[in-house]
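Working notes for the structure below.
The values are calculated or read from the model by the stated rules, or taken from the named source; none is laboratory data. Since we're looking at a predicted model, the values are computed, not measured. Counting neighbours? That spans all protein chains shown, and the Cβs are built from the backbone with ideal geometry, glycine included.
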């Protein structure tokens, strides 16, 4: 009997030892798992009642008064008397447009253009006719001589006007004083009537132009202060001065203009950013606003996670509205409830989390 009990005791001891080892081997990973917390970002319900964000719009700095210089005739550019970013004066000759040929010589006004030279010859002939008619009238002040003199005078004046108009079309001058903000022509270019040659801007007064879409349009009103951020990240203030009531037919966006409210270093023709801080409210009473990325949207359910005693707790939600990347939902939970808004994609219900 004693011989039987000894092996039985050994078997029971082995069974007990095996059970102890198995229990410990399961308990250690479980304990280790509890210590491994997943980092998450949170936002309380109280902080989600309204949404504060900054809108940025690319904008163009322009002179309040600008002039676009265009070609008034066809031809070849034989002289360019301006540079980008330089000041020009009203009446200053900017571009000369001529006709280049191998066999033609410059005329009286230094143009090879056959049109100009024909008009120069017509004016010479008209002047000679006028001189002859005036001399005849001096010899005899008859009615016929007086009429011939008056006709010759009008013909000479018409010839002068025709030549002057042709020269004006080929000698492009600055209509206003200002800074050249765009240069679209070079020496030797062939240009056609209507081609844009340059743009002159008066930098003493600037305006800022930018475009907004339908959703952003409601944030703007006349006199609204905005911030201007230049390429050096320097900020200055401006006020909205003009809001287009109609959207562009192509882009479906609205043009808005602002005027600087203080001195700055902005230059016409440069691109900057317009910044506006806005606060958005839910459309439905009792709702909150959350990043759409905080919600997992499935075919059968939509849900998010909240922090509950250090663990992720799954909460099913009904999305009332979506605007861009923002979702409007109603949770009906206390304002201090922490909603997980980042690090939620790999979470499962009950996972241990650590708020970062």
Checklist outcome for this item: Checking 275, 342 in turn, the sole residue that is surrounded by fewer than 17 Cβ atoms within 10 Å (Cβ to Cβ), under 30 Å from residue 63 (Cα atoms), modelled with pLDDT of 90 or more and within 36 Å of the chain's Cα centre (by Cα) turns out to be 275
Checklist outcome for this item: Only one of 212, 191 is surrounded by 18 or more Cβ atoms within 10 Å (Cβ to Cβ), under 25 Å from residue 79 (Cβ atoms) and at pLDDT 90 or above, namely 191
Checklist entry - In the list 59, 67, which residue meets the criterion of being surrounded by 14 or more Cβ atoms within 10 Å (Cβ to Cβ), at pLDDT 90 or above and touching a strand residue (DSSP E or B) at 6+ places or on another chain (Cβ under 9 Å)? => result 59
Next on the checklist: Every residue in region 235-281 that is part of a loop (DSSP other than H, G, I, E, B), under 13 Å from residue 220 (Cβ atoms) and either without any contact (Cβ under 8 Å) to a residue 24 or more places away in the chain or not assigned by TED's automatic domain parsing to the domain that holds residue 222 (or both), please.
Outcome noted: 244, 245
Next on the checklist: For the condition modelled with pLDDT under 90 and on the phi > 0 side of the Ramachandran plot, what is the one hit in 85, 75?
Outcome noted: 85
Checklist entry - How many residues does region 194-209 hold that are surrounded by 14 or more Cβ atoms within 10 Å (Cβ to Cβ) and farther than 30 Å from residue 73 by Cα? => result 4
Checklist entry - List the pairs whose first member sits in region 73-86 and is under 21 Å from residue 181 (Cβ atoms), whose second member is surrounded by 18 or more Cβ atoms within 10 Å (Cβ to Cβ) and modelled with pLDDT under 90, and whose Cβ atoms are under 6 Å apart, counting only residues at least 6 apart or on separate chains? => result 82/180; 84/180; 86/180
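Condition (residue is assigned to a helix (DSSP H, G or I), modelled with pLDDT under 95 and either loosely packed, with under 13 Cβ neighbours inside 10 Å or in contact with a helix residue (DSSP H, G or I) (Cβ under 6 Å, 6 or more places away or on another chain) (or both)) applied to region 169-176: is it met by at least one residue? Can you show your working first?
Step one: list which residues in region 169-176 are assigned to a helix (DSSP H, G or I), which gives 169-170.
From what's left, modelled with pLDDT under 95: 169-170.
Add one more test, that the residue is either loosely packed, with under 13 Cβ neighbours inside 10 Å or in contact with a helix residue (DSSP H, G or I) (Cβ under 6 Å, 6 or more places away or on another chain) (or both), and what stays is none.
No; the residues of region 169-176 include none that is assigned to a helix (DSSP H, G or I), modelled with pLDDT under 95 and either loosely packed, with under 13 Cβ neighbours inside 10 Å or in contact with a helix residue (DSSP H, G or I) (Cβ under 6 Å, 6 or more places away or on another chain) (or both).
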Checklist entry - What residue, of 108, 96, is surrounded by fewer than 17 Cβ atoms within 10 Å (Cβ to Cβ) and either touching a helix residue (DSSP H, G or I) at 6+ places or on another chain (Cβ under 9 Å) or assigned to a helix (DSSP H, G or I) (or both)? => result 108
Checklist entry - Out of all the residues in region 111-147, which are buried (at least 17 other Cβ atoms within 10 Å of the Cβ), within 30 Å of residue 79 (Cα to Cα) and without any contact (Cβ under 8 Å) to a residue 24 or more places away in the chain? => result 112, 117
Item to check | Hey, residue 151 surrounded by 13 or more Cβ atoms within 10 Å (Cβ to Cβ), touching a residue at least 12 places away in the same chain (Cβ under 8 Å) and in contact with a strand residue (DSSP E or B) (Cβ under 6 Å, 6 or more places away or on another chain) or not | outcome: no
Checklist entry - Across region 49-85, what is the total count of residues that are more than 27 Å from residue 205 (Cα to Cα) and assigned to a loop (DSSP other than H, G, I, E, B)? => result 5
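Out of curiosity, is residue 289 assigned to a strand (DSSP E or B), touching a strand residue (DSSP E or B) at 6+ places or on another chain (Cβ under 7 Å), closer than 29 Å to residue 218 by Cα and touching a residue at least 40 places away in the same chain (Cβ under 8 Å)?
Values: assigned to a strand (DSSP E or B): yes; touching a strand residue (DSSP E or B) at 6+ places or on another chain (Cβ under 7 Å): yes; closer than 29 Å to residue 218 by Cα: yes; touching a residue at least 40 places away in the same chain (Cβ under 8 Å): yes.
It is true that residue 289 is assigned to a strand (DSSP E or B), touching a strand residue (DSSP E or B) at 6+ places or on another chain (Cβ under 7 Å), closer than 29 Å to residue 218 by Cα and touching a residue at least 40 places away in the same chain (Cβ under 8 Å).
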